[in-house]
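Working notes for the structure below.
The values are calculated or read from the model by the stated rules, or taken from the named source; none is laboratory data. It should be emphasised that the depicted structure is a prediction, and the values quoted were computed from it without experimental measurement. Cβ coordinates were reconstructed from backbone atoms using ideal geometry, including for glycine residues, and neighbour counts include every protein chain displayed.
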Amino acid sequence: MKWFLYARMSIVYNLLFPILGIFYLLSLAFSSRRGLLKSLPQEIRERLGFYPPRLLQEIFRHKPLWFHAASVGEVKILPALLPHFKHRKILVTTSSKIGKDQASKLPGVDWALIAPLDFYPIVSRAIKKIHPTVLILIETELWPNLISGCIALGAKVFVVNGRISDRSFPRYLWAKRLLQIPLSQMQFLCVQTESDQRKFVELGAQPSRVRVLGNMKLDAMGIRQELEKLQRDTVFPKLKTLGWTEEDILFVAGSTHAEEEQILLELFQELKSQVKNLRLILAPRHVERCSSVLRLLQSQQISTVAWSDENTPFSPDCLLIDVIGPLAAIYHFSSIVFVGGTLVNKGGHNLLEPAFSAKPILFGPYTQNTQAVAQLLEKSGGGFRVQDKEHLKRSCLRLIQDPTLRKKAGDKAQQAARSLQGAAERTANLLKTYI
């Protein structure tokens, strides 16, 4: 009966997939993220599984470890894991062009491609050409056709850094009949928390094959060499060009969403009236929205320069980060940090990057995607949860006016982040026993 339900659900999934894809493109065309469509034509061939034949032959010959990640956030864990597999060739596929571009720059990555769509005729053709021996899925990349196709060819399939948020779990439960068989056939699932372990088991994974090993992003963030180079060679010169000095108070708002930005700009202007040397660095979660964010800043009469601008006005009030990459390094120069996706119900984003830079971190009530870290930071005294704009304003003023408190809170945040490291080594050791 279980196989019958899976087969029926699989047929429905493959019939609906093209229709949902069309609706997604239409919704994208009318959203603030429509800039993504500009790069779509060059992606089509890879998304349809049409890779250069010579490249496929090379991949087939070397039998690499195949890592699949959604986008930039998931790709970021690879620097912590890949050094454990220096003797193996590495293929990385991602679900976004931005993720592919980031993966292609990583040491140890031999090939970076956009993954084929999880539509049976497309993904099965690509799998047969690559003929993988190992597929390693990062976090929640649970694509049924990809998983089943690889297992059918004899590949060992793993999940590493696995997680399922409370917010998204009901959607996975709805698709349980589609995921149950593929999950039960996986070699092993390395997950972040006990809550994630329970969720994967409820979806169909064998309990004996799911182990809590922690969050590898913590190890990746602890790799400071590249970050320090970016701080020294790129971020510091940029801030100096703006005429900003060490006397300025830098308020960094990272990974923000549209609904939060209006609140943050109003807050900044209120704080600026009391703290004349306050500067704002604003990094929207999706850089393709930056043109609309810039218009919002201009409408608020906040003097702004974008990171990508070559001609920069002297001493603007705001630096808008319209490129991917420098945010983690920028945190190093901040006085206080607000992490977005938390004042609105998006679940929250990366609280650990500013923690590793020893900065006090402010975040809103919505942290379901990173709940354990938020609670740890609160408990340690390195993080401060706020409920609304007025609460955020009071917390900002308290930190701005008390440099000693800022330093102590930042140190506590860094200590809390470091206490969570070690997942990458544990994960690598487990993988090595199977591959």
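Among the numbered conditions (1) among the aliphatic types (A, V, I, L, M); (2) in a helix (DSSP H, G or I); (3) modelled with pLDDT under 90, the only one that ILE223 does not meet is (2). Looking at the structure I just gave you, is GLN371 closer than 30 Å to PHE188 by Cα, in contact (Cβ under 8 Å) with a residue 12 or more places away in the chain and in the same structural domain as VAL252 (by TED's automatic domain parsing)? It is true that GLN371 is closer than 30 Å to PHE188 by Cα, in contact (Cβ under 8 Å) with a residue 12 or more places away in the chain and in the same structural domain as VAL252 (by TED's automatic domain parsing). For the range 233-283, what are the residues that are among the small types (Gly, Ala, Ser) and surrounded by 22 or more Cβ atoms within 10 Å (Cβ to Cβ)? Residues satisfying the conditions are ALA253, GLY254, SER255, ALA283.
Taking the stated definitions as given, is VAL275 aliphatic (A, V, I, L, M) and within 22 Å of the chain's Cα centre (by Cα)? Against the criterion (aliphatic (A, V, I, L, M) and within 22 Å of the chain's Cα centre (by Cα)), VAL275 does not qualify.
May I ask you to verify whether TRP143 is of a type in the set (Phe, Trp, Tyr) and under 19 Å from the mean Cα position of the chain (by Cα)? So TRP143 passes the test.
Quick grid of which residues meet (1) of a type outside the set (S, T, N, Q); (2) part of a helix (DSSP H, G or I); (3) in the same structural domain as LEU278 (by TED's automatic domain parsing):
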residue	(1), (2), (3)
GLN197	no, yes, no
GLU202	yes, yes, no
LEU227	yes, yes, no
LEU230	yes, yes, no
LYS240	yes, yes, yes
THR245	no, no, yes
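In the range 395-414 there is no residue that is in the same structural domain as LEU319 (by TED's automatic domain parsing), in contact with a Lys or Arg (Cβ under 7 Å, 6 or more places away or on another chain), free of Cβ contacts under 8 Å to residues at least 60 places away in the same chain and within 21 Å of GLU139 (Cα to Cα).
Note on the range 177-198: residues that are loosely packed, with under 15 Cβ neighbours inside 10 Å and farther than 16 Å from MET216 by Cα total 1. Inspection of the range 305-314 finds no residue satisfying the criterion of being of a type outside the set (A, V, I, L, M, F, W, C) and at pLDDT 95 or above. Tell me which residues, restricted to the range 62-104, are of a type in the set (Gly, Ala, Ser), out of contact with any Ser or Thr (no Cβ under 7 Å at 6 or more places or on another chain) and without any contact (Cβ under 8 Å) to a residue 60 or more places away in the chain. Correct list: SER104 only. For the range 284-313, a tally of residues being exposed (fewer than 12 other Cβ atoms within 10 Å of the Cβ), out of contact with any strand residue (DSSP E or B) (no Cβ under 8 Å at 6 or more places or on another chain) and not hydroxyl-bearing (Ser, Thr, Tyr) returns 4. Of all the criteria given as (1) in contact with a Pro (Cβ under 8 Å, 6 or more places away or on another chain); (2) surrounded by fewer than 23 Cβ atoms within 10 Å (Cβ to Cβ), the one not satisfied by VAL72 is (1).
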